Amino acid sequence: MAVTYTFENLPASEEEINYADLESKFAPPEQEETLENVVVLDNLPVATPDKIEKLVKVLTKLVFKNVGKVKEDGLHMPMTEDPDEPKSKGYAFVEFETAAQAQAIVRAANGFRFPGGHHLRANPFMDVEKYSEVDDQYRAPPAEPYEEREHLRSWLMDEYGRDQFATYSREELGLYWAETAQAPEQINARANWTESHVQWSPLGSYMCTFHWQGLVLWGGPSWSKLMRFVHPNIRFADFSPSERYLVTMSSKPIDVEAVSAKLGPDAAHQNPYTAADQGNSVCVWDALTGSLLRSFPLPTNADGSPANAAWPQFKWSPSEKYFARMTFGTSISIYEAPGMGLLDKKSMMTPGVQEFSWCPQVLTDPRTGAARPEMLAYWTPEETNLPARVTLVAVPSREIVRTKNLFSVFFASLHWHPSGKMLCVRVQRLTRSKKARFTNLEIFRTGEKEVPVDVVELKDSAVAFDWEPTDTNFRFAILHTDDPTPPQVNSGGMALSTVKTNVSFYSFERKGKLVQKEGFQLLKTLENKNTTSLKWSPHGRHIVLATLRTTTNGTIEFFDTEFDQAAAAKSGNAGDAITLLAAAEHYCVTDLEWDPSGRFVATWASSWRHGSENGYILWDFRGQQLHSATIGDFKQLAWRPRPPSLLTEAQRRQVRKELKNYSKEFDDMDERKLHAADAELMSQRRRLVSEWESWRRQVSEFLSAETDEALAAGYALPIAADNDDLVVEEVVEEIIDEKEEIVN
């Protein structure tokens, strides 16, 4: 019975107060017991009673360890009812302490391979009822009506062979065709099409726009919405090499309930996340179906603190069979696609690992022509008495292909040739006094037997490296300086001064009559430059040296490495063919990018870095300016990539042989197009003149009628002072010829 308190019967202390009435009225609801912490293990080895204990120990040691803790008496393994030969039925029910542990076991144990060849299958117990209700008789799903989709590579059929690019300025995203003799032709433009930036898929099939709710893919001639990926607060996206998979990363962990609330009442059909994804930040999607394959948490350090979340989080092998990410200083975790499971259920322990990179191509054996295993490279720094080391590892076997020890290493970076046949490790070393730095290039010839290594020694510090992207040549350009200390930068990342740099070109030479020693030979060095970036054309031969992101300089130089072949033949040095084609200036330029055809170069000044004279300039590969646009709050320009050519090497040689015929044909097309544009302009001018003359006639007729009516009504009209005719003189200027001469 509840007690009623008054001033006369107040208790002496708080402990004597009776809360029975409140506890009965506001008692917490009884917690409903669920079986979400129970897992069904199937396809277990069949064991007799004397081997059950051993099987449980194997499961505990290899499967449950560091993933989940089994409750006391929480493992039940049903036995057959045969009294003579009892044995297990090949499955078991395991109860863990929490539902989260059960979900982790399902991911870790599913597909685990026992020594006898059994592949373990793990499923939540709550799914058993769902699967038990499946009809035993198969019924084919109703056939969905065929809906023809737009061709995602239709832009490649452009009759003029033009390339596309996207620009993002203010809040407008625009798409354009690049032109040679005219201003870019606009294809489409929309306001608020994206909320942060724009990105193309690696083969150009999709355009990605970023929104607070997630990522959207666009494509086809009508630029319709193709796919939507729900990932709130998305920051980055990255495709696999063939665009089959998509990886996204958010700035905030996934909150499943918050996503359902934002999606509205139909969240059950739209929310791709489950309780297993709660708190994760990185998602792997199937780009074709839009389904979520797996989510991952951000990496952590050995002490459990958040690690530096570098992007991309995952790096893909060229075949897309594997993708991997690095736990800095600890290990490399390799996963299999599309199953998304950890390869061999364990990470590759690489103590001290600083960087890793996949070989960009699947190489073939030079003797048999058979495909080699895929390969990745990583480097580890010096530790106590152990030297730094570069290691090449075959995947999935994890066999070491090649290693090399390095000493006095300050820093290293990996640079694969696009063909995968060369790997340059740019090693920053310290002198004995520890006061100065210099660079060695350790170049692994991965396409050859036993992977020989060439060493190129520099007396100063290399700050940038770039391979020429051609399969028939192994040339590279390197940017090096005596003063590796970076200049001071402002809040936008713009350098306040420039540093004198040198640019050197190297080429791989085979041993022969003119070459005494096989290896990489110095071709030419360009000294006393202000260059901060170097970019080869996608088809090689041409290279641009630029001074980017500085407030005092914006020099852009266009070089042809095979221009003066006569001088090279005369001297016997291929470096003498390297010739400056043009030098230009783009004030406060922040970014530079070649188009995929190698015909155009785009430079732009982004408002993300500074707010003065934002806009872009298009150049041809010779350094001639084609178009310039100054646009307020201009942020980004991105060329649309092209897929690899389907032509064979023999067909390419035939095209190069008949290049004059093809070039003449395209010159004629350009001439016709230019004349058509001029004709359209003249037609527009004639139409405007005709409209003007028509308006003058109407006005003259109207005034004449008004005058006649005024005279008939008896009005006196003013008499002009003189009746001399009015003479109108029109001056028309026409450019007959224009010639531009560049003076070095």
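The values are calculated or read from the model by the stated rules, or taken from the named source; none is laboratory data. Remember, predicted model here, so these are calculated numbers, not experimental data. Counting neighbours? That spans all protein chains shown, and the Cβs are built from the backbone with ideal geometry, glycine included.
Looking at Val451, is it in contact (Cβ under 8 Å) with a residue 40 or more places away in the chain, in a loop (DSSP other than H, G, I, E, B) and among the aliphatic types (A, V, I, L, M)?
For Val451, the condition - in contact (Cβ under 8 Å) with a residue 40 or more places away in the chain, in a loop (DSSP other than H, G, I, E, B) and among the aliphatic types (A, V, I, L, M) - is met.
Given the residues Phe438, Phe476, which is the only one that is more than 19 Å from His542 (Cβ to Cβ) and outside any loop (DSSP other than H, G, I, E, B)?
Phe438
Give the residue that is farthest from the chain's Cα centre (by Cα), with candidates limited to residues of segment 240-266 that are crowded, with 20+ Cβ neighbours inside 10 Å and farther than 18 Å from His211 by Cβ.
It comes out as Tyr245.
Would you mind telling me which numbered condition in (1) under 21 Å from Gln164 (Cα atoms); (2) in contact with a Gly (Cβ under 9 Å, 6 or more places away or on another chain); (3) buried (at least 17 other Cβ atoms within 10 Å of the Cβ) Leu637 fails?
Unmet condition: (2).
Just name the residue that is modelled with the highest pLDDT out of those in segment 454-473 that are out of contact with any His (no Cβ under 8 Å at 6 or more places or on another chain) and either of a type in the set (Lys, Arg) or not in a strand (DSSP E or B) (or both).
Glu468
So which of Arg107, Arg113 is basic (Lys, Arg) and surrounded by fewer than 15 Cβ atoms within 10 Å (Cβ to Cβ)?
Only one candidate passes the filter, namely Arg113.
For segment 583-637, give me the residue count where each residue is in contact (Cβ under 8 Å) with a residue 40 or more places away in the chain, within 27 Å of Leu203 (Cβ to Cβ) and not in a loop (DSSP other than H, G, I, E, B).
Here the count works out to 18.
Yes/no per residue for (1) touching a helix residue (DSSP H, G or I) at 6+ places or on another chain (Cβ under 9 Å); (2) under 30 Å from Gln361 (Cα atoms):
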| residue | (1), (2) |
| --- | --- |
| Ala143 | no, no |
| His151 | yes, yes |
| Gln182 | yes, no |
| Ala191 | no, no |
| Thr194 | no, no |
| Trp200 | no, yes |
| Pro232 | yes, no |
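Among the residues of segment 200-219, how many are surrounded by fewer than 21 Cβ atoms within 10 Å (Cβ to Cβ) and farther than 19 Å from Trp639 by Cβ?
5
Check Gly598, Gly623 and return the single one that is touching a His at 6+ places or on another chain (Cβ under 9 Å) and under 19 Å from Ala583 (Cα atoms).
It is Gly598.
Residue by residue, here is whether (1) closer than 27 Å to Ala582 by Cα; (2) touching a residue at least 40 places away in the same chain (Cβ under 8 Å) holds:
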{"position": "Asp482", "(1), (2)": "yes, no"}
{"position": "Pro486", "(1), (2)": "no, no"}
{"position": "Gly492", "(1), (2)": "no, yes"}
{"position": "Ala495", "(1), (2)": "yes, yes"}
{"position": "Lys511", "(1), (2)": "no, no"}
{"position": "Lys535", "(1), (2)": "yes, yes"}
{"position": "Gly540", "(1), (2)": "yes, yes"}
{"position": "Ile543", "(1), (2)": "yes, yes"}
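Restrict the check to segment 123-130 and report whether at least one residue is in a loop (DSSP other than H, G, I, E, B) and touching a helix residue (DSSP H, G or I) at 6+ places or on another chain (Cβ under 9 Å).
Yes, segment 123-130 contains a residue that is in a loop (DSSP other than H, G, I, E, B) and touching a helix residue (DSSP H, G or I) at 6+ places or on another chain (Cβ under 9 Å).
Do we find a residue being free of Cβ contacts under 8 Å to residues at least 60 places away in the same chain, more than 22 Å from Tyr160 (Cα to Cα) and not polar (S, T, N, Q) anywhere in segment 667-676?
No: zero hits.
Determine whether segment 43-57 contains at least one residue that is in a strand (DSSP E or B), touching a Phe, Trp or Tyr at 6+ places or on another chain (Cβ under 7 Å), at pLDDT 85 or above and within 24 Å of Phe125 (Cα to Cα).
No, because not a single residue in segment 43-57 is in a strand (DSSP E or B), touching a Phe, Trp or Tyr at 6+ places or on another chain (Cβ under 7 Å), at pLDDT 85 or above and within 24 Å of Phe125 (Cα to Cα).
Taking Gly572 as the residue in question, decide whether it is on the phi > 0 side of the Ramachandran plot, under 29 Å from the mean Cα position of the chain (by Cα) and surrounded by fewer than 21 Cβ atoms within 10 Å (Cβ to Cβ).
no
Of all residues in segment 511-552 being of a type in the set (Gly, Ala, Ser) and either assigned to a strand (DSSP E or B) or at pLDDT below 95 (or both), which is nearest to the chain's Cα centre (by Cα)?
Ser533
Any residue in segment 41-52 that is farther than 21 Å from Glu95 by Cβ and of a type in the set (A, V, I, L, M) sitting within a Cβ distance under 8 Å of a residue that is modelled with pLDDT of 85 or more and not in a loop (DSSP other than H, G, I, E, B)? List the pairs, counting only those 6 or more apart or interchain.
Close Cβ pairs (under 8 Å, with a partner that is modelled with pLDDT of 85 or more and not in a loop (DSSP other than H, G, I, E, B)) amount to Val46/Ser88.
Name the single residue, out of those in segment 422-444 being modelled with pLDDT of 95 or more and either acidic (Asp, Glu) or farther than 22 Å from Leu534 by Cα (or both), that is surrounded by the fewest Cβ atoms within 10 Å (Cβ to Cβ).
Glu442
Condition first: without any contact (Cβ under 8 Å) to a residue 12 or more places away in the chain and either of a type in the set (Ser, Thr, Tyr) or outside any strand (DSSP E or B) (or both). Can you find one or more residues in segment 414-428 that meet it?
No, because not a single residue in segment 414-428 is without any contact (Cβ under 8 Å) to a residue 12 or more places away in the chain and either of a type in the set (Ser, Thr, Tyr) or outside any strand (DSSP E or B) (or both).
So Asp670 passes all but one of these: (1) exposed (fewer than 10 other Cβ atoms within 10 Å of the Cβ); (2) assigned to a helix (DSSP H, G or I); (3) not aliphatic (A, V, I, L, M). Which condition number does it fail?
(1)
Condition first: closer than 23 Å to Pro338 by Cβ, touching a strand residue (DSSP E or B) at 6+ places or on another chain (Cβ under 9 Å) and outside any helix (DSSP H, G or I). Now tell me which residues in segment 80-122 satisfy that.
Passing the criteria: Asn110, Gly111, Phe112, Arg113, His119, Leu120, Arg121, Ala122.
Among the residues of segment 246-295, which ones are more than 23 Å from Asn37 (Cβ to Cβ), among the basic types (Lys, Arg) and in contact (Cβ under 8 Å) with a residue 40 or more places away in the chain?
Correct list: Lys262 only.
For segment 158-195, what are the residues that are among the hydrophobic types (A, V, I, L, M, F, W, C) and loosely packed, with under 11 Cβ neighbours inside 10 Å?
Ala191
Restricting attention to segment 219-245, which residues are within 28 Å of Ala309 (Cα to Cα) and part of a strand (DSSP E or B)?
Met227, Arg228, Phe229, Val230, Ile234, Arg235, Phe236, Ala237, Asp238, Phe239, Tyr245
Could you please find all residues in segment 156-197 being within 11 Å of Lys635 (Cβ to Cβ), assigned to a loop (DSSP other than H, G, I, E, B) and of a type in the set (Val, Ile, Thr)?
The answer is Thr194, and nothing else.
Restricting attention to segment 564-571, does a residue exist that is hydroxyl-bearing (Ser, Thr, Tyr) and not in a strand (DSSP E or B)?
Scanning segment 564-571, I find at least one residue that is hydroxyl-bearing (Ser, Thr, Tyr) and not in a strand (DSSP E or B), so the answer is yes.
Scanning segment 123-157 for residues that are closer than 30 Å to Glu36 by Cβ and of a type in the set (D, E, K, R), which turns out surrounded by the fewest Cβ atoms within 10 Å (Cβ to Cβ)?
Filtering segment 123-157 for residues that are closer than 30 Å to Glu36 by Cβ and of a type in the set (D, E, K, R), the one surrounded by the fewest Cβ atoms within 10 Å (Cβ to Cβ) comes out as Asp136.
Go through segment 177-203 and give me each residue that's more than 17 Å from the chain's Cα centre (by Cα), closer than 29 Å to Asn233 by Cα and aromatic (Phe, Trp, Tyr).
Selection gives Trp193 alone.
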